[in-house]
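Heads up: the structure comes next, in structure tokens.
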Amino acid sequence: MSRAFVREQDIEALEELPDRLISTHPNDVTDEGMKQLESMLEAARDAHAAALREQDRSALAVASRDLRYWSARRATAHVIPSPTDTTEVRFGSSVSIRRSDGREQTFRIVGEDEANPSRGTISHASPLARALMGKRLRDVARLGTTEIEILAIR
């Protein structure tokens with residue numbers, strides 16, 4: 001739709017974006033996760049300043065929303081030290097598993113904002129991480145209708 005056919009109050013409403021959803025789970029992060037949060041917050045500040053300089057209302061709406069989100073995530077972040085005890089799965093553990101179909105995978109359990117399964121990290125709030133927490137080597141965890149065996153904890 002062309003802006004020529006949009007009322008001025010509609011334009012203003014479009015440029016006030018709703019906040020990004022913030023998880024209800026604890027905002028636990030690794031040391032690396034805290035650095036990522038700080039980097040994202042700095043990028044959001046830079047984007048906000050650029051949008052203000054350019055007087056770009058659409059960019060300002062996006063940058064403002066992102067700045068609120070990353071500010072809140074940084075303010076509530078709680079760094080959890082890497083576990084030194086590898087007898088059971090904890091936040092920050094790397095866990096090698098065997099699924100019931102025989103696939104073997106290794107994941108590190110990290111904070112929600114730093115999780116990236118394609119890079120081998122999963123959120124502590126994910127169903128897989130929740131199923132593994134507190135388990136020990138060779139324990140079997142249930143995930144839905146399947147079973148997962150713990151092969152290694154690092």
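The values are calculated or read from the model by the stated rules, or taken from the named source; none is laboratory data. Model, not experiment: these values are computed from the prediction. Note that we place each Cβ from the backbone using ideal geometry, even for glycine, and neighbour counts take in every protein chain shown. Just the protein is used for accessible areas: all its heavy atoms, side chains included, with ligands, DNA and RNA removed. Shrake-Rupley method; radii C 1.70, N 1.55, O 1.52, S 1.80 Å.
What the table shows:
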{"quantity": "Scan of region 64-79 for residues that are open to solvent by 40 Å² or more (accessible area, probe 1.4 Å) and not in a helix (DSSP H, G or I), ordered by number", "calculated": "HIS78, VAL79"}
{"quantity": "Failed item, numbered, when ALA141 is tested on (1) over 18 Å from HIS25 (Cα atoms); (2) open to solvent by 20 Å² or more (accessible area, probe 1.4 Å)", "calculated": "(2)"}
{"quantity": "Breaking point among (1) surrounded by 15 or more Cβ atoms within 10 Å (Cβ to Cβ); (2) assigned to a strand (DSSP E or B); (3) out of contact with any Phe, Trp or Tyr (no Cβ under 9 Å at 6 or more places or on another chain); (4) of a type outside the set (Ser, Thr, Tyr), for GLY92", "calculated": "(2)"}
{"quantity": "Subset of region 106-154 [on the phi > 0 side of the Ramachandran plot and within 24 Å of the chain's Cα centre (by Cα)]", "calculated": "GLY120, GLY134, GLY144"}
{"quantity": "Selection within region 106-115 - under 26 Å from ARG136 (Cβ atoms) and either modelled with pLDDT under 95 or open to solvent by 50 Å² or more (accessible area, probe 1.4 Å) (or both)", "calculated": "THR106, ARG108, GLU112"}
{"quantity": "Residues satisfying the stated conditions in region 23-63, i.e. open to solvent by less than 30 Å² (accessible area, probe 1.4 Å) and part of a helix (DSSP H, G or I)", "calculated": "GLY33, MET34, LEU37, LEU41, ALA44, ALA50, ALA51, ALA61, ALA63"}
{"quantity": "Condition met for ARG103 (over 18 Å from the mean Cα position of the chain (by Cα), of a type outside the set (S, T, N, Q) and farther than 23 Å from SER23 by Cβ)", "calculated": "yes"}
{"quantity": "Cross-chain or 6+ apart pairs with Cβ under 6 Å, region 32-52 first and under 15 Å from TYR69 (Cβ atoms), then aromatic (Phe, Trp, Tyr)", "calculated": "MET40/TRP70; LEU41/TRP70; ALA44/TRP70"}
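Residue-wise test of (1) modelled with pLDDT of 95 or more; (2) β-branched (Val, Ile, Thr); (3) surrounded by fewer than 19 Cβ atoms within 10 Å (Cβ to Cβ); (4) more than 20 Å from LYS35 (Cα to Cα).
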position	(1), (2), (3), (4)
ASP85	no, no, yes, yes
LEU132	yes, no, no, yes
LEU137	yes, no, yes, yes
GLU149	yes, no, yes, yes
